[in-house]
Amino acid sequence: MAKSLSVRNIIKRYGGVVALSDGNLDVRTKEVVALIGANGSGKSTMSKVINGVVVLDGGQLLLDDKPVHISSPQSAKNMGIATVFQELSLIPQMTVAENIWLTREPMTAFGTVNRKAIKDKTEQLLSLFRGTYKTDLHPDDPVASLPPDEKQIIEILKAINLDPWMVILDEATASLDGRQVQRLFELIGDWKEAGKAVVFVSHRMEEIFRIADKYSVLRNGKTVGAGKMKDINEKELVKLMIEKESVFTFTRGETKANEKPIYLEIKDLRTDTLHGVSFRVREGELVGIGGLRGQGQRDLLLSLFGDVPYSGTVKIFGNESKFKHPREAMKKGVALVPGDRAREGLLYIRSILENLQLPSWAQYGFPLRIGKAKKDAEQAGASLNLKMAGLGEPVSSLSGGNAQKVVLGKWLMRKPRLLLLDDPTKGVDVGTKAEFYALLTQLCNEGKTILFYSSTDEELVGLCDRVLVVHDGIIRTELSGASLTKENLIAASLGTSKGGAL
Amino acid sequence: MKKRVTWDFLMARYPAFFPLILLVLSIAINLFLQPNMLDRETLNSNMRVFLPLILLAVGQAIVLLGGGIDISVGGVVSIVNTILATRVGLDGSPEKMWQFVLISLLAGALAGAINGFFIAYLRLQPIITTYATSFLYAGLALFILPNPGGGIPADISNLYRTSTPLGLPLAFYVIAILLLIWVYVSSTRYGKYLFAVGGKAEAAYETAVPVTLVQFGIYVISGFMAALAGIAITMLSGSGNAEIGGQMTLNSITAVVIGGNAFSGGIGGVAGPIMGAVTLSLIQNIISFARINTWWETLVKATIIVVALAAPGVINLIRRRRA
């Protein structure tokens, strides 16, 4: 039976902020609809409205052309709508099986949860992604102990386990690696065959073109275009999203880094996940770190920042330095832009000013020279093209891309010499990404050295001088110049250059 | 990867592991100071004193598991004590006693429901709300019985004090029943909801868990358990005193935390807090047997508790340093 859901002219306000002013969407069975838009355009709000997490302020939802009211997650579930959330809806203290079956546990005759049944059925569900896990994933593992990609997979399995007719995937691929995305797309194909509808929310153009049948573009809370994927190309789609053309290409000019002195030298760096990493970086170089997720890239950046204990030597300008605390690293001009900005990068409820100045307050004396701090923050904001209502506003009022600018800004205000970037463009819209790339290039030209880990291969290829591909805790391959292509990068990530030892 | 039995694994998987060590330790010290501690009479006279705190700790454990806290339990204990002491009286009939036991339980659940309404439906902070209602309940107890006095029939009191079915203290049976109920409840859907709400309430809501109802429910349970504790302590003392519950609130929270439950919710159980309550009571015993100057008692007791609470943290710190 063909089912359909139509979203008509919906409005949603959060306090004074209008998140959606005219949202529209049409989904029917056997279709994959890509919901596209820059950060802050209202995509997440749209999925939350359809899932009943937030209640709309105006407009209509039509299920099979009849008006419906989705007042809570419970009522969405009853209508057969499941959502894979961007902010995970898993309970960290509970096990994989308990999370997948929460509220729908099979019961025994005594009214207790049938643990054997949920374990067996969870094993079956887990086998859908078998072969893409990096850990020995087991139904009884607590969710808190899993890496982000496996949490995301559990989230997907939890949604699909409801056997819904419609699945909303809200940025579900953002933390998955290539093989996991591939597996997910195969599954989406199966679901489509089986008569399900999928709403696919993503920033990754390449994925959208691979999987979607139709698109619907949001811009500033309004639906500005919808149609079939085959009638549109990437450039036109991006144009719809951001009103102005010309952002999606980025290339870095030739560098003269080869004549510069060696800035950073690392020998035989070892941690729990790194098994002997050595490399050198010249001053002003932009070096990419690639590879599948969770191969030790994060540990590499954290150990250079003094946040993870390690063995081996790290020399900065020839002087051996062993940081035992981020404070020591900061003193030497090292800055780390963390990947999980919500958890590690920002104090969401505090103001933009406080967030920008957090690492720098010491230089404003006692009592604080607030006026100067404000002026400096103002300047930093302007140079980053930060879109904000005022320095006093909380960071939570910013969109993802602008929030990430604050994370970068707070470190740039300390004028660092070495920048460690941990997947800084994750969940950032294309417009902000383009600004980001330009900024990184400019920073390198100013003589700053950058280590740039990214889960997006295009970024590494397009932006970096060299890319170190990390696999299983060692640098498997170094790509530069002509060898730095997307194909080589993916091949090296999978470890194929040494016989695919996965 | 092979799973080794490590300290981290034990701590994460069995939150009651550390409280068990503390319990064994305190039993050992107590036994050294009071060699006849495990005799039938001594054991019973100890356990009947411990039971009210055990009941209170179980209720508090449920609240903490669900991500809340209840500071008003002591007030509920006082209310129940004063109701029984004034309404039943020293010469009351057993029927009258059981009638008011029932009313006390309802009063406890009602007091919990008031907390639950403020916290779950009006979305007020648990710590502030129950702090405020703790004065409300303590004040009500003083209103019912301004000066210590009244009481319950000695027969009924003795029933509580001297019953030792099969030679074991009554409290053991109560603990066994509590544990059985907990094992059952924690494996029902409601048990999973409790952990889900205490673990991450937003995520539970997005998964269509009835978060508000669960939050409301934990305070009703806590109020009910506090009423049980109030009944137990009244039967123990046989008399009424509006200030009898005042000290018990912090003890119940301490017992739960010693018992290995996370203060932030979602981790732990009921067995640990029961052990925590016994440990806490044994510490009190140890102090009196060790003939410590009464002026120092509070200081010594508090020091032992702080050390017990800090121990897992200290062990983890040492382990981190060594790594």
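The values are calculated or read from the model by the stated rules, or taken from the named source; none is laboratory data. Bear in mind that the values here come from a model prediction, so they are computed numbers and not experimental data. Neighbour counts run over all protein chains shown; Cβ positions are idealised from the backbone, glycine included.
So that you can scan it fast, the table gives a plain yes or no per residue for (1) touching a Leu at 6+ places or on another chain (Cβ under 9 Å); (2) surrounded by 23 or more Cβ atoms within 10 Å (Cβ to Cβ); (3) within 30 Å of A:ASN9 (Cα to Cα):
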| residue | (1), (2), (3) |
| --- | --- |
| A:GLY52 | no, yes, yes |
| A:ILE91 | yes, yes, no |
| A:GLU98 | no, yes, no |
| A:THR103 | no, no, no |
| A:THR112 | no, no, no |
| A:THR122 | yes, yes, no |
| A:LEU137 | yes, no, no |
| A:PRO142 | no, no, no |
Name every residue in the range A:222-243 that is in a helix (DSSP H, G or I) and of a type outside the set (A, V, I, L, M, F, W, C), in order of residue number. A:LYS230, A:ASP231, A:GLU234, A:LYS235, A:GLU236, A:LYS239
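Residue-by-condition table, conditions (1) over 27 Å from A:VAL395 (Cα atoms); (2) surrounded by 15 or more Cβ atoms within 10 Å (Cβ to Cβ); (3) modelled with pLDDT under 90:
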position: A:GLY294; (1), (2), (3): yes, yes, yes
position: A:LEU301; (1), (2), (3): no, yes, no
position: A:LYS315; (1), (2), (3): yes, yes, yes
position: A:ARG327; (1), (2), (3): no, no, yes
position: A:ALA335; (1), (2), (3): no, yes, no
Of (1) touching a residue at least 40 places away in the same chain (Cβ under 8 Å); (2) farther than 13 Å from A:ALA82 by Cβ; (3) not in a loop (DSSP other than H, G, I, E, B), A:LEU176 satisfies all except one. Which? (3)
For the range A:77-87: of the residues being more than 7 Å from chain B (Cβ to nearest Cβ) and buried (at least 17 other Cβ atoms within 10 Å of the Cβ), which is modelled with the lowest pLDDT? A:GLN86
Taking the criterion of being crowded, with 24+ Cβ neighbours inside 10 Å and within 14 Å of another protein chain (Cβ to nearest Cβ), would at least one residue in the range B:251-264 satisfy it? yes
List the number of the failed condition for B:LEU179; all other conditions in (1) surrounded by fewer than 24 Cβ atoms within 10 Å (Cβ to Cβ); (2) within 14 Å of chain A (Cβ to nearest Cβ); (3) more than 26 Å from B:THR133 (Cα to Cα) hold. (2)
Restricting to helices (runs of 4 or more DSSP H) lying wholly in the range B:168-286: which have 3 or more residues that are more than 30 Å from B:GLN99 (Cβ to Cβ) and either out of contact with any Asp or Glu (no Cβ under 6 Å at 6 or more places or on another chain) or in contact (Cβ under 8 Å) with a residue 12 or more places away in the chain (or both)? B:189-199, B:201-206, B:211-237, B:248-258
Could you say whether any residue in the range A:63-85 is in the same structural domain as A:ILE153 (by TED's automatic domain parsing), at positive phi and of a type in the set (Asp, Glu)? yes
The lone condition B:LEU38 fails out of (1) modelled with pLDDT under 90; (2) more than 30 Å from B:PRO312 (Cβ to Cβ); (3) surrounded by fewer than 24 Cβ atoms within 10 Å (Cβ to Cβ) is (2)
Tell me, yes or no, whether the range B:293-312 has at least one residue that is on the phi < 0 side of the Ramachandran plot, outside any helix (DSSP H, G or I) and small (Gly, Ala, Ser). no
So which residues in the range A:18-65 are part of a loop (DSSP other than H, G, I, E, B) and closer than 25 Å to A:GLY400 by Cα? A:ALA38, A:ASN39, A:GLY40, A:SER41, A:GLY42, A:GLY52, A:VAL53, A:VAL54, A:VAL55, A:LEU56, A:ASP57
Based on this model, can you work out whether A:VAL181 counts as under 18 Å from A:VAL53 (Cα atoms) and outside the structural domain of A:LEU292 (by TED's automatic domain parsing)? no
Working only within the range B:189-202, note down all residues that are closer than 14 Å to A:THR95 by Cα and at the interface with chain A (Cβ under 7 Å from one of its Cβ atoms). B:LYS192, B:PHE195, B:ALA196, B:GLY199, B:LYS200
Examine the range A:404-424 for a residue that is small (Gly, Ala, Ser) and part of a helix (DSSP H, G or I), and state whether such a residue exists. yes
Hits in the range A:101-147 (condition: hydrophobic (A, V, I, L, M, F, W, C), closer than 14 Å to B:ARG189 by Cβ and either touching a Cys at 6+ places or on another chain (Cβ under 8 Å) or within 12 Å of chain B (Cβ to nearest Cβ) (or both)): A:TRP101, A:LEU102, A:MET107, A:PHE110, A:VAL113, A:ILE118
Taking the stated definitions as given, is A:GLY52 touching a residue at least 24 places away in the same chain (Cβ under 8 Å), at positive phi and within 12 Å of another protein chain (Cβ to nearest Cβ)? yes
Checked against (1) in a helix (DSSP H, G or I); (2) surrounded by fewer than 21 Cβ atoms within 10 Å (Cβ to Cβ), A:LEU440 satisfies every condition except (2)
Being without any contact (Cβ under 8 Å) to a residue 40 or more places away in the chain and in contact with a Leu (Cβ under 8 Å, 6 or more places away or on another chain) is the filter here, so list the residues in the range B:96-115 that pass it. B:PHE100
Any residue in the range B:118-131 that is under 17 Å from B:VAL73 (Cα atoms) sitting within a Cβ distance under 7 Å of a residue that is charged (D, E, K, R)? List the pairs, counting only those 6 or more apart or interchain. B:THR130/B:ASP70
Only helices (runs of 4 or more DSSP H) wholly contained in the range A:282-392 count here; list those with 1 or more residues that are within 20 Å of A:SER454 (Cα to Cα). A:297-304
